[in-house]
Structures are given as C-alpha cells and as structure tokens.
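Working notes, structure below.
The values are calculated or read from the model by the stated rules, or taken from the named source; none is laboratory data. For clarity, every value in this text was computed on a predicted model and none was experimentally measured. Please note: Cβ atoms are built from the backbone with ideal geometry, for glycine as well, and neighbour counts cover all protein chains shown.
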Amino acid sequence: MIKDKLLKIKKGELSAADNVRNFLRVIKAENPEINAILNVNENALRDAEEVDRSIKRKKAGKLAGLAVAVKANISALDMQVSCASQTLENYYGTFDADVIRRIKAEGGVIIGMANMDEFACGSSGESSAFGATDNPAAPGRIPGGSSSGSAAAVAAGMCDLALGADTGGSIRNPASHCGIAGVKPSYGRVSRFGLVDLSMSLEQIGPLSSDVFGSALLMEVICGRSNYDATTFEHPVPSYTASLAKRSTNLKIGLSSDFEKLCADKRIYEKVKAAASAFASQNNSKILNANLKYIHLAIQTYYPLVYVEFFSSTRKFDGRKYGKKIEDACGEEVLRRILGGKEISRAEHAGKYYRKALAVRKLIERDFDAAFKKVDVLVSPVTPMLPHKIGGHISDPKIMYAYDAFTIPANLAGICAGVVGCGRIDGIPVGLQVMAPAFKEELLLRVMKAFEGTNV
Ligand code: GLN
C-alpha cells in the first residue's frame, strides 16, 4: 500500500534509492515480456539519492521517493517523448511539463516513459509503434489503452504511481482491465502544459495507482491552476488524501438502465450493479435511476471532435521541427484520424459534422447536469466488454471505438470520473466507474475509496 510505503520512506526505514533500485530490477526482469516501459530514466537512481538527501534535511515532499512512470506523450526533460510513434522516436523533451515539475518538486522520481497507443489513438495499446503491452493481471490480453504502459507498469509492480492522459477513457479503460485505480480529473483541473494532446477540448492528465490513496496523493500534487495553461481554474485543491478518511454515507447513487443496454457483456453490468447495492447497504445510501438519454450518442459525437482537433494539433509534425512528417511515419489509426479530420475540416462541410457534434455534446452535458440534480454520483461499468486477446485483430475500428462507450461521456461533459476494481469475471479484472460533477474530485475519491472496501 502506497500510504505505508510513504511512511516507511519518510521514517528512513526504506531509502528512496532502494525503492527505485527495486523497481529497476523488476523492470529489467519483467519488461521484456510486458513491454510497459519504453525508456528507463538513466538518472533515476541519482534523482532518488537526491531525494534521500532532502529527506535527511527534513524536506521530504508529498511523494518523497515514490517512483512515477510517465505516459510517453508528456514532456519530461531529457526523456524520450516519443508518443509511441516513429514520428517522434528520436525526440527528447526539452522541458518538464507542469505535472512533471510538480512531481519533482514533491520528491517524486521519474522512473521511465510508458508505452501507449500511438499518439493516444486507441483503446488497447496495440497501436504503439514499439509493440503491444501485455496485461499483467490477465496475461495474453490487452491491458487497455491508450495509457496501456502506465497501467501495466503499475499492475506489474514496476513503479508506485503512473501518469496517464484521458481523452475518452485512456486512463479509466486500462485501469479497469489491469485491476487498478485511475482518475480522469475534471476539464481544467490539471495543467496540460507539456502534453502532446490528442484532443485539446477533452483531454486531461491523471493518475493511475494500485489503490485509491495513490491516485488521491498524485491528484493532490498535479491539480491546480497554472500560468502556462489558460484552461486551468483558480479552484482550491483540498487534501484529497486527508478527506479519504471521511465516510461516504447518505449518498444518492445514480445508476441508469441506459448503461445496461450499452453493455455488450451483461455480466459486467450485473457486477457493477451488485457492487452498487453492496455500497448502498454498507454506507446507508440509496440507489436511484438516472436518465441519461443521449449517452448512446457519445461515440458518434466524440470522434468527429477528436478527428478535427487531432488533425489540427498534428500539423506541427511536418518533419521540420519535430521528428518526421507524421503522415510518412505513423500507423494506420493515426493516419485514419488525420485524413478524417482533414476531410471534416474542409470548408464545404463546415457545420455539418463538427458543429453538429458540438451541439450533441451540449445535450450530453445537460443530461449530466440534470442527473446530478438528483444524485450525488453516478456509477457505471467502465467498458462494455472484457479485454480481448493481444493480436485478436480487431480490424473494424468501430469495435475498438466501442470500448469507450461508458468513458467518453465524462470527457464530453467535462466532469470528473474514476475507476476502482470490482472483482473478476473469468479471472479477468473488471472495474467500476464513479462519475461526479465537475471539480468534485474530493467526493469522487471518497466514494472510490468506499467502493474499494466493498466486497461483492
Ligand atoms: N480510445 C479513445 C480514442 O481512441 C480514447 C483515447 C484517449 O483517451 N486518449 O480516442
């Protein structure tokens, strides 16, 4: 447990250097099979020793010596920020992203850059130019994506915590498949400065961890306004870890029958429903039906927006300043989105797809507003199906896109959402998603914590 480890380091019972050394050993032994880490930080030990010195001076930060793996689309000084693409395979970060700066300032040690779907386009980790990642919790199956390496690194014990980024489910989907916790913060809660984003109006950086405490801790460090990202808000960042101790009683939990319809594997819905009932009875709370009538349009709404925003954000990869020209070096899914985004952006289509998607996005946002007038949080499955076998050759992109039916709505609405394990089906981990109104991360994490202790 992260909390105990942190205490041990702060008390001097475990040095940051030994902590990092242990992880480097696991990476060396397991990574050739799992392929979660693309590049190890060569200076990780030196950085850990530095943290040990500051601990001795009684200047231990909140992360004092914990090892953090970073999704390869977040800039870290002198690390390879490849976005798991040949386009940027030789590109090294020239500065620390806001989140990295904050992690280092609190004594976190960057252990390495994590594998991912190329440019975050995918739900399985299979579109990485550097090979798929295995799922340590269900070997032979995909770990989910696009933050595939971040989740797998946590699940395989290669780091204490990891950073992912979530545009439509990329933190929550792999957290669910790997049986760990993860949070997509509200839009504007975490600075995106230094993130090579897939879609600027939807994406947020967030934590992945083996327990809810770890996610709360990392959230405490990375959240908050930044001068470098105008979309961040001046909103207080409470001590999320401290508030985990508060109980979550007398809550109204929303569950929607619309979720059942969207669930291809009904066993997943049943599991989530059972967990919600157990939560309600153990925490003196009620389950209410929430009506989210446009949620079935989430995927169709999301993709035109992502295609257009991705097309726009990739124009800088023209082969002059950063790596190779993206169209010459990228894989199939990235190319599909670039060409699709280009087509949708053409003047003669103006308004037909992008603006229509924006209009439906508004409807979904209103759906959530109305639901949160009735309930405190919503609970749903994370993915409608279990993770497929690696190399299962999902050739129809629509099937791959369907993985995100439950996660995309939170990005469209800008609310916060997190995942916590809720048992296994056929030996494969199944997660449960909690969604809370924008900027109510404190409530979100508290409810996640309570679910962590719910036995079904
Ligand atoms: N799977 C979704 C997509 O391919 C989400 C990706 C993400 O959240 N980065 O767009």
Surrounded by fewer than 24 Cβ atoms within 10 Å (Cβ to Cβ), touching a residue at least 12 places away in the same chain (Cβ under 8 Å), within 16 Å of the ligand (Cβ to nearest atom) and over 23 Å from residue 298 (Cα atoms): is that true of residue 132 in this structure? yes
The one condition in (1) in contact with a strand residue (DSSP E or B) (Cβ under 8 Å, 6 or more places away or on another chain); (2) under 16 Å from residue 70 (Cα atoms); (3) of a type in the set (Ser, Thr, Tyr) that residue 187 fails to fulfil: (2)
Sort out for me the strands (runs of 3 or more DSSP E) sitting completely within the range 143-211 that have 3 or more residues that are under 20 Å from residue 434 (Cβ atoms) and among the small types (Gly, Ala, Ser). 161-166
Does the range 256-266 contain any residue that is polar (S, T, N, Q) and either in contact with a Leu (Cβ under 7 Å, 6 or more places away or on another chain) or under 25 Å from residue 365 (Cα atoms) (or both)? yes
Looking at 214, 179, 194, which is the one that is farther than 30 Å from residue 428 by Cβ, small (Gly, Ala, Ser) and more than 15 Å from the ligand (Cβ to nearest atom)? 194
With the requirement that a residue be buried (at least 21 other Cβ atoms within 10 Å of the Cβ), modelled with pLDDT of 95 or more and more than 20 Å from residue 350 (Cα to Cα), what does the range 291-304 give you? 298
With touching a residue at least 24 places away in the same chain (Cβ under 8 Å) and within 16 Å of the ligand (Cβ to nearest atom) as the only criterion, which of 429, 437, 409 stands out? 409
Qualifying positions in the range 93-118 - buried (at least 24 other Cβ atoms within 10 Å of the Cβ) and assigned to a loop (DSSP other than H, G, I, E, B): 97, 107, 108, 115, 116, 117
Test residue 90 against the criterion of being out of contact with any helix residue (DSSP H, G or I) (no Cβ under 8 Å at 6 or more places or on another chain), surrounded by fewer than 18 Cβ atoms within 10 Å (Cβ to Cβ), without any contact (Cβ under 8 Å) to a residue 40 or more places away in the chain and not charged (D, E, K, R), and give yes or no. no
Please tell me if residue 13 is farther than 30 Å from residue 321 by Cβ, modelled with pLDDT of 95 or more and touching a helix residue (DSSP H, G or I) at 6+ places or on another chain (Cβ under 6 Å). no
How many of the residues in the range 405-455 are more than 24 Å from residue 142 (Cβ to Cβ), β-branched (Val, Ile, Thr) and more than 15 Å from the chain's Cα centre (by Cα)? 2
Of all residues making up the range 328-351, the number that are within 16 Å of the ligand (Cβ to nearest atom) and either polar (S, T, N, Q) or part of a helix (DSSP H, G or I) (or both): 11
Out of the range 135-156, which residues are farther than 22 Å from residue 222 by Cα and away from the ligand (no atom under 15 Å from the Cβ)? 135, 136, 137, 138, 139, 140, 141, 156
Is there a residue in the range 305-327 that is part of a helix (DSSP H, G or I), buried (at least 21 other Cβ atoms within 10 Å of the Cβ) and in contact with a Cys (Cβ under 7 Å, 6 or more places away or on another chain)? no
Selection count where residues are hydrophobic (A, V, I, L, M, F, W, C) and surrounded by fewer than 22 Cβ atoms within 10 Å (Cβ to Cβ), scope the range 426-446: 4
Mind listing just one residue for me: the one in the range 254-304 that is outside any helix (DSSP H, G or I) and touching a Pro at 6+ places or on another chain (Cβ under 8 Å) and, of those, farthest from residue 425 (Cα to Cα)? 292
Of the residues in the range 367-400 that are under 21 Å from residue 138 (Cα atoms) and assigned to a helix (DSSP H, G or I), the one that is farthest from the ligand (Cβ to nearest atom) is 399
Which numbered condition trips up residue 117, out of (1) in contact with a strand residue (DSSP E or B) (Cβ under 8 Å, 6 or more places away or on another chain); (2) within 13 Å of the ligand (Cβ to nearest atom)? (1)
Would you say residue 404 is surrounded by fewer than 23 Cβ atoms within 10 Å (Cβ to Cβ), in contact (Cβ under 8 Å) with a residue 24 or more places away in the chain and closer than 21 Å to residue 258 by Cβ? no
